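Undergrad: Please find one structure pasted underneath; my questions will follow.
The values are calculated or read from the model by the stated rules, or taken from the named source; none is laboratory data. Everything numeric here is computed off the predicted structure, so don't read it as measured data. Here the Cβ positions follow ideal geometry from the backbone for every residue, glycine too, while neighbour counts run over all protein chains shown. Please note that ligands, DNA and RNA were not included when accessible areas were found on the heavy atoms of the full protein model with its side chains. Shrake-Rupley method; radii C 1.70, N 1.55, O 1.52, S 1.80 Å.
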Amino acid sequence: MGIDHLSLMASILNPNVTIEDDRTGLDIETIRRAVLDNLFYIQGKFPAIATKHDFYMALAYTVRDRLLQRWLNSVQTNLKKDVKSVAYLSAEFLVGPHLGNNLINLDIYQQVEQAIKESGLNLQELIDTEEEPGLGNGGLGRLAACYLDSLSSLEIPAIGYGIRYEFGIFDQHIQDGWQVEITDKWLQYGNPWEIARPESSVMVNFGGRTEAYTDDHGAFRVRWIPEYVVKGIPYDTPILGYKVNTANTLRLWRSEACESFNFERFNQGDYYGAVDSKVHSENLCKVLYPNDEPIQGKELRLQQQYFFVCCSLQDMIRTHLIENSSLDNFDQLWAIQLNDTHPAVAVAELMRLLVDVHHYEWEPAWQITENTFGYTNHTLLPEALEKWPLSIFGRLLPRLLEIIYEINNRFLERVRIKFPDNGSKMSSLSIIDESDDKYVRMANLACIGSHRINGVAQLHSELLKETILHDFYALFPEKFTNVTNGVTPRRWMVLSNPRLTELITQKIGNRWINHLDELKQLEQFVDDASFRSQWRQVKQEVKQDLAKYIEKKVGIVVNPASLFDVQVKRIHEYKRQHLNVLHIITLYNRLKHNPNLDIPPRTFIFGGKAAPGYFMAKRIIKLITSVGDVINNDPDLKDRLKVVFLPDYNVTLGQRVYPAADLSEQISTAGKEASGTGNMKFSLNGALTIGTLDGANVEIREEVGAENFFLFGLTTPQVAEVKSHGYYPRGHYDSNEELRGVLDLISCGFFSRGNRELLQPIVDNLLYDDPYLLLADYQSYINSQEEVSEAYKDQERWSRMSILNVARMGKFSSDRSIQEYCDNIWKVQPVSIKLQAYNQENAGLKV
Ligand code: F58
């Protein structure tokens, strides 16, 4: 697709006419030409035979071309001598589809939409064609992705390091009401956003033994003689910031055997054995563990963790030594953040690299290490603290275990001085858990090796100090801090809710997109009836879209005028999706008894995956779908209640759901949800929250005002109090008739075609154990839901509350969170990236 002749002639005759470059130009015409070019030369298709996916790929390459100049410039600038960078180490990055987001951040959405339209295609359809990289389980992985967006948007030099899982989180199908897991094949049609860099591969040791020796200068040293070595190959994806030139890198490692073919074995006739090590090495990054709690003792998981940490640290050191003559200033040029304990082995690995490979003395190496690392904790559940059986750890990483012992000995020596004769302190602080079987405690390693430790919401950070990290807090209070989570308004508003974005921008301009506090200005319109009506109109349209999607996906017709009551998140007992179900059945019983009851119609929407081995979570899904089957088909209800379980909840589906919600369910047992981030996405999109005083709910309520938030349930101290007196859930059943009616209806098989066994485990668990206090919170929840219904009946009041929710969400931008990390933990500054006008010569290409 060449440049048309007239403009070529014009440029020859008149040198002032510039013709846009096909790879960087932003004219509609240029973009159209570039897409066709890529379709032809990259996909090897012409329009008549191209599939939608081919067009998507052609467009994706067109957009990537436009990123590359910014990306390479950013990489080059970050290499400079005195630029400090952030390295965000995370076993998960749940980035979501790239295309739409890149169009927003490049600020070329409109041109591209037009260009695609002129080509007879629909941009939204192409965007929907992208398979999302499901490289994370839930909140933790998604947070890492929001943080990458904000790092780039704030022009902070940064790199995200993780694992390029071949199979990400499973796809969820619902069959007969049960979850069925299907392998996720996100790479099967290729990934246009990544570039493999095999030339930057690094080697990672596993197994074997260590050996002491004396070097040429007479110094005592240790070398690691591994049993096998795995190669790590980096795959880079650009992460562009919003309307800036900064494009940082997400570098994900894939494992491969060093020698893929063992000729010795082949020659001995062992054909399968010849590729053994290839298979073994490649297994390492095959699959993301789909658990929402750590799986203690799975060797492959530890291999994954060490693999990506070792690759990443070698990569940083190599980069550092390009411009610096030693690692003495490593901590001044790198801030490494540990996203939970999954990469915590990095503390020991950096020590190994400094001491064994770069021949540092222990003390200076330790100074560098401690100054470099920060550790973010994401959970308070004691059972979720990661620990590795010593036997597995020592067999797989013998040198790392020795280093951990040395770190521990020196650390415990300091503890002994501060707390003499305090055996229990020593054993709780020790990296090695000596209780029954011996374990390496990763949170202890992370705390000792980091100069800052943070929780992810105020309440969570306080509870960390009081509970699981109490002894560390007593030892070094100065390390402890809080950074409340945030979400990126680019993906969670501009991309996913263009209608509301447009309405807000009409009123207050567009600065709010990267200065979210500016949403405050919306407050001045809260009394403007016509604005409120526009606000409702937008919500209505978005709900209609979701209603269509629901009908197409699960065949349930829902009323877009009904209250959309939504709970989307991983299925977990502490998140209490089943408490939501108890409310649904309560309403069902009330309506059956009193068909004239005046309550607004509601559509209950659920979404979320259960860990494949989590019995109770899977049964909760079955409970939701079973209750839905009965309620959705009961003619007595006249469609006043509907229950929908949307299969395969992921980032893409989240983008459809958050904008359409009226009510956001944030109903975890107080003290269990570290922060939550879905709560922020809902509220930003105008949903009101019904929630407990848990995680970031506390701060959301503080910001939006108690009168604009539906609060219920026990507080964290009350939960502790109830438990300390021997909680007796059955008492609530005995004394609360309505609750009894609900549980009895489940027990008698009403929702399970007479099968009394199917859902009984849930009822029994609630009656006789109820670890998450559903029955204790039931009445308070029901009362609060009645307030919701009352408020919804008054649409003007509801709209005011909704507008104020959005107007007061400024705090929950991930830009604010990242700014706090930069100022208080990483001590890094923005660096603006200058773009020279592109031509082949100044891009370093000889023509
Ligand atoms: C989540 N943790 C917290 N873990 O539950 C949530 O409150 C918080 O908002 C979010 O982190 C971000 O801070 C979480 O998602 C995981 O998914 C882990 C995956 C690996 C195994 C252990 C759980």
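Undergrad: Only one residue in T319, T341 is more than 14 Å from N205 (Cα to Cα), polar (S, T, N, Q) and within 16 Å of the ligand (Cβ to nearest atom). Which one? Show your work before the answer.
TA: Details: T319 fails: within 16 Å of the ligand (Cβ to nearest atom).
Every option except T341 fails the conditions.
Undergrad: Another one. Regarding D634, is this residue away from the ligand (no atom under 16 Å from the Cβ), more than 26 Å from T484 (Cα to Cα) and either open to solvent by less than 30 Å² (accessible area, probe 1.4 Å) or of a type in the set (D, E) (or both)? If you could, list the steps in order and put the result at the bottom.
TA: Working: away from the ligand (no atom under 16 Å from the Cβ): yes; more than 26 Å from T484 (Cα to Cα): yes; either open to solvent by less than 30 Å² (accessible area, probe 1.4 Å) or of a type in the set (D, E) (or both): yes.
It is true that D634 is away from the ligand (no atom under 16 Å from the Cβ), more than 26 Å from T484 (Cα to Cα) and either open to solvent by less than 30 Å² (accessible area, probe 1.4 Å) or of a type in the set (D, E) (or both).
Undergrad: From the list F525, F615, F531, which residue is outside the structural domain of P761 (by the TED database) and open to solvent by 30 Å² or more (accessible area, probe 1.4 Å)? It would help to see each step written out before you state the result.
TA: On the way: F615 fails: outside the structural domain of P761 (by the TED database); F531 fails: open to solvent by 30 Å² or more (accessible area, probe 1.4 Å).
On inspection, the qualifying residue turns out to be F525.
Undergrad: Follow-up question, since we're still on this one. State all residues of segment 381-406 that are aliphatic (A, V, I, L, M), within 16 Å of the ligand (Cβ to nearest atom) and open to solvent by 20 Å² or more (accessible area, probe 1.4 Å); if no residue qualifies, say none.
TA: First pass over segment 381-406, keeping only residues aliphatic (A, V, I, L, M): 381, 384-385, 390, 392, 396-397, 400-401, 403-404.
Those still in the list that are within 16 Å of the ligand (Cβ to nearest atom) too: 381, 384-385.
Result: L385, single match.
Undergrad: Residue under question is E282, and the condition is that it be farther than 21 Å from G139 by Cα and out of contact with any Leu (no Cβ under 8 Å at 6 or more places or on another chain); does it hold?
TA: On the way: farther than 21 Å from G139 by Cα: yes; out of contact with any Leu (no Cβ under 8 Å at 6 or more places or on another chain): yes.
It is true that E282 is farther than 21 Å from G139 by Cα and out of contact with any Leu (no Cβ under 8 Å at 6 or more places or on another chain).
Undergrad: Can you tell me which residue among I336, I322, I317 is loosely packed, with under 14 Cβ neighbours inside 10 Å and not acidic (D, E)?
TA: Values: I336 fails: loosely packed, with under 14 Cβ neighbours inside 10 Å; I317 fails: loosely packed, with under 14 Cβ neighbours inside 10 Å.
Result of the check over I336, I322, I317: I322.
Undergrad: Restricted to segment 170-213, and to residues that are of a type in the set (S, T, Y) and within 26 Å of P290 (Cα to Cα), which residue is surrounded by the most Cβ atoms within 10 Å (Cβ to Cβ)? Spell out how you get there, then give the answer.
TA: Of segment 170-213, the ones of a type in the set (S, T, Y) are 183, 189, 200-201, 210, 213.
Of the ones still in play, those that are also within 26 Å of P290 (Cα to Cα) are 183, 189.
Values: T183: 11, Y189: 15.
The extreme case among them is Y189.
Undergrad: Right, another one. What are the residues in segment 699-708 that are surrounded by fewer than 24 Cβ atoms within 10 Å (Cβ to Cβ) and within 21 Å of V568 (Cβ to Cβ), if any?
TA: Across segment 699-708, the qualifying residues are E699, R701, V704.
Undergrad: Out of all the residues in segment 652-665, is one or more at pLDDT below 95, open to solvent by 10 Å² or more (accessible area, probe 1.4 Å) and out of contact with any helix residue (DSSP H, G or I) (no Cβ under 7 Å at 6 or more places or on another chain)?
TA: Let us first name the residues in segment 652-665 that are at pLDDT below 95, namely none.
No, because not a single residue in segment 652-665 is at pLDDT below 95, open to solvent by 10 Å² or more (accessible area, probe 1.4 Å) and out of contact with any helix residue (DSSP H, G or I) (no Cβ under 7 Å at 6 or more places or on another chain).
Undergrad: Hey, does segment 221-242 have a residue that's within 30 Å of Q836 (Cα to Cα), modelled with pLDDT of 95 or more, in a loop (DSSP other than H, G, I, E, B) and open to solvent by 40 Å² or more (accessible area, probe 1.4 Å)? Let's see the steps before the verdict.
TA: Residues of segment 221-242 that are within 30 Å of Q836 (Cα to Cα), as a first pass: 234-242.
The next check asks that each one be modelled with pLDDT of 95 or more; those that pass are 234-242.
Among the residues that remain, those that are also in a loop (DSSP other than H, G, I, E, B) are: 241-242.
Restricting the remaining residues to those that are open to solvent by 40 Å² or more (accessible area, probe 1.4 Å) gives none.
Scanning segment 221-242 turns up no residue that is within 30 Å of Q836 (Cα to Cα), modelled with pLDDT of 95 or more, in a loop (DSSP other than H, G, I, E, B) and open to solvent by 40 Å² or more (accessible area, probe 1.4 Å).
Undergrad: Six or more apart or on different chains, Cβ atoms under 7 Å: show the pairs whose first residue is in segment 681-702 and among the basic types (K, R) and whose second is within 13 Å of the ligand (Cβ to nearest atom) and not in a helix (DSSP H, G or I).
TA: Hits for this filter: K681/V487.
Undergrad: Oh, and also: Can you run down the residue pairs with Cβ atoms below 8 Å, 6 or more apart or on separate chains, where the first is in segment 457-474 and closer than 20 Å to Q718 by Cβ and basic (K, R) and the partner is in a helix (DSSP H, G or I) and within 14 Å of the ligand (Cβ to nearest atom)?
TA: Sorted first by the residue in segment 457-474, then by its partner, the list stays empty.
Undergrad: Kindly list the number of the only condition in (1) in contact with a helix residue (DSSP H, G or I) (Cβ under 7 Å, 6 or more places away or on another chain); (2) surrounded by fewer than 20 Cβ atoms within 10 Å (Cβ to Cβ) that fails for D128.
TA: It fails just one condition, (1).
Undergrad: Residues to consider are D65, D107, D82, D27; find the one that is open to solvent by 10 Å² or more (accessible area, probe 1.4 Å) and either aliphatic (A, V, I, L, M) or in contact with an Asp or Glu (Cβ under 7 Å, 6 or more places away or on another chain) (or both). So that I can check it myself, show each step before the final result.
TA: Values: D65 fails: either aliphatic (A, V, I, L, M) or in contact with an Asp or Glu (Cβ under 7 Å, 6 or more places away or on another chain) (or both); D107 fails: either aliphatic (A, V, I, L, M) or in contact with an Asp or Glu (Cβ under 7 Å, 6 or more places away or on another chain) (or both); D82 fails: either aliphatic (A, V, I, L, M) or in contact with an Asp or Glu (Cβ under 7 Å, 6 or more places away or on another chain) (or both).
Selected residue: D27, the only one of D65, D107, D82, D27 that is open to solvent by 10 Å² or more (accessible area, probe 1.4 Å) and either aliphatic (A, V, I, L, M) or in contact with an Asp or Glu (Cβ under 7 Å, 6 or more places away or on another chain) (or both).
Undergrad: Take segment 479-492 and flag every residue that is touching a strand residue (DSSP E or B) at 6+ places or on another chain (Cβ under 9 Å) and either among the basic types (K, R) or away from the ligand (no atom under 16 Å from the Cβ) (or both).
TA: K479, F480, P489, listed by residue number.
Undergrad: Let me ask another. What's the total number of residues in segment 464-478 that are open to solvent by 20 Å² or more (accessible area, probe 1.4 Å) and either closer than 24 Å to L693 by Cβ or within 14 Å of the ligand (Cβ to nearest atom) (or both)?
TA: 6
Undergrad: Still on this structure, please answer the following. For segment 166-195, name all the residues that are part of a strand (DSSP E or B), without any contact (Cβ under 8 Å) to a residue 40 or more places away in the chain and within 25 Å of E282 (Cα to Cα). I'd like the intermediate steps shown before the answer.
TA: In the first step, residues of segment 166-195 are kept if they are part of a strand (DSSP E or B); the result is 167, 171-175, 178-182, 195.
If we keep only those that are without any contact (Cβ under 8 Å) to a residue 40 or more places away in the chain too, we end up with 175, 180, 182.
Residue satisfying the conditions is I182 alone.
Undergrad: Within segment 543-560, is there a residue that is within 16 Å of the ligand (Cβ to nearest atom), part of a helix (DSSP H, G or I) and touching a residue at least 12 places away in the same chain (Cβ under 8 Å)? Give the derivation first.
TA: Going residue by residue through segment 543-560, those that are within 16 Å of the ligand (Cβ to nearest atom) are none.
Scanning segment 543-560, I find no residue that is within 16 Å of the ligand (Cβ to nearest atom), part of a helix (DSSP H, G or I) and touching a residue at least 12 places away in the same chain (Cβ under 8 Å), so the answer is no.
Residue by residue, here is whether (1) within 16 Å of the ligand (Cβ to nearest atom); (2) modelled with pLDDT of 95 or more; (3) surrounded by 17 or more Cβ atoms within 10 Å (Cβ to Cβ) holds:
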site	(1), (2), (3)
C258	no, no, no
F263	no, no, no
A274	no, no, yes
C285	yes, yes, yes
C310	no, yes, yes
V345	yes, yes, yes
Y360	no, yes, yes
W366	no, yes, yes
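Undergrad: Further question: For R209, are the conditions met, namely being in contact with a Ser or Thr (Cβ under 9 Å, 6 or more places away or on another chain) and closer than 23 Å to H359 by Cβ? Working first, answer last.
TA: Values: in contact with a Ser or Thr (Cβ under 9 Å, 6 or more places away or on another chain): no; closer than 23 Å to H359 by Cβ: yes.
In short, no.
Undergrad: Tell me, which helices (runs of 4 or more DSSP H) wholly within segment 62-165 include 1 or more residues that are within 16 Å of the ligand (Cβ to nearest atom) and not aliphatic (A, V, I, L, M)? Can you show your working first?
TA: On the way: elements: 99-106, 109-118, 123-129, 139-153.
Because the criterion is at least 1 residues that are within 16 Å of the ligand (Cβ to nearest atom) and not aliphatic (A, V, I, L, M), the helices (runs of 4 or more DSSP H) in segment 62-165 that meet it are 139-153.
Undergrad: Continuing with this model, one more query. State whether one or more residues within segment 549-559 are outside the structural domain of F751 (by the TED database) and open to solvent by less than 10 Å² (accessible area, probe 1.4 Å).
TA: There is at least one residue in segment 549-559 that is outside the structural domain of F751 (by the TED database) and open to solvent by less than 10 Å² (accessible area, probe 1.4 Å).
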